[in-house]
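The values are calculated or read from the model by the stated rules, or taken from the named source; none is laboratory data. For clarity, every value in this text was computed on a predicted model and none was experimentally measured. Please note: Cβ atoms are built from the backbone with ideal geometry, for glycine as well, and neighbour counts cover all protein chains shown.
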Amino acid sequence: MEETHRESAEWIRSLLSNAQVTPAVFRTALTSVPPSERDAWLDQVLGLDSLAEDGPELPTGCVPYLPCPVDVLLRIVECAGVQASDVFVDVGSGVGRAAALVHLLTGASAIGIEIQPALVHTSRELAARWSALRFSPIQGDAAVLTGHITLGSIFFLYCPFSGERLETVLDGLEAIARTRPIRVCCVDLPLPPRPWLTFVSPPSGDLTVYRSTLLDPG
Ligand SMILES: C[S@@+](CC[C@H](N)C(=O)[O-])C[C@H]1O[C@@H](n2cnc3c(N)ncnc32)[C@H](O)[C@@H]1O
């Protein structure tokens, strides 16, 4: 990474330490970095210097940790219209990188559900390092927990699993969508059709954003 981008990452880190970073300042700094350097820039800001390793707790059939690219997350924020009033839930949140980024870009509170204890530990360290980061990691199986996150308004799935677990998560989300409109953002994950989910806009490459229709009038 170029020296100027390293310096801007360090500047954002210092603002974060003093709880002085706003979504506008953060977005301007991030988008001033060329797309090919944004992932390294974010890792420097958050102090995440290596790819986290997976542990034995990852159940068979569940997908190992792989961070969602920054530019995909920028598209999610735009397509899903994430606002400061939203609660963004990362279903299979790894070390909390995606949740932290969405919070920093938008001001939305973020919740991460992650099954691997070591990754949750790293997420908790991240959340504890900066009191301004409104991010709460929860440890457990997303198939069990997602339907209980009734505060959530935007649910993000970067292909954590498919099959029966995904069906169970969708059942939980349907129950939430009966009480509040929600959006569901999927990367590299085709969802089985559900009559209460419709596209926000046509799928774009690896990204699909849905909204719930259960509370639509008439
Ligand atoms: C492809 S990674 C995505 C990580 C994160 N969302 C991001 O974009 O940086 C999938 C994550 O889902 C987690 N995961 C897989 N199965 C899970 C489950 N049943 N419950 C909770 N987390 C799970 C994995 O441990 C892994 O961290």
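Are any of the residues in the stretch 157-168 within 15 Å of Ala99 (Cβ to Cβ), at pLDDT 95 or above and out of contact with any Leu (no Cβ under 9 Å at 6 or more places or on another chain)? Steps first, please.
Going residue by residue through the stretch 157-168, those that are within 15 Å of Ala99 (Cβ to Cβ) are 157-158, 160.
Of the ones still in play, those that are also at pLDDT 95 or above are 157-158, 160.
Next cut, out of contact with any Leu (no Cβ under 9 Å at 6 or more places or on another chain) only: none.
Scanning the stretch 157-168 turns up no residue that is within 15 Å of Ala99 (Cβ to Cβ), at pLDDT 95 or above and out of contact with any Leu (no Cβ under 9 Å at 6 or more places or on another chain).
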How many residues are within 14 Å of Phe135 (Cα to Cα), more than 9 Å from the chain's Cα centre (by Cα) and within 10 Å of the ligand (Cβ to nearest atom) when one looks only at the stretch 97-118?
2
Yes or no: Leu16 within 12 Å of the ligand (Cβ to nearest atom) and farther than 25 Å from Val200 by Cα?
no
Name the residues in the stretch 115-134 that are more than 19 Å from Asp49 (Cβ to Cβ) and crowded, with 19+ Cβ neighbours inside 10 Å, would you?
Ile115, Arg134
For the stretch 86-96, how many residues are more than 11 Å from the ligand (Cβ to nearest atom) and out of contact with any Ser or Thr (no Cβ under 8 Å at 6 or more places or on another chain)?
0
Residues of the stretch 26-53 being surrounded by 16 or more Cβ atoms within 10 Å (Cβ to Cβ) and modelled with pLDDT under 95, which ones?
Leu48, Ala52
Can you tell me which residues in the stretch 178-218 are farther than 23 Å from Arg75 by Cβ and of a type in the set (A, V, I, L, M)?
Leu214, Leu215
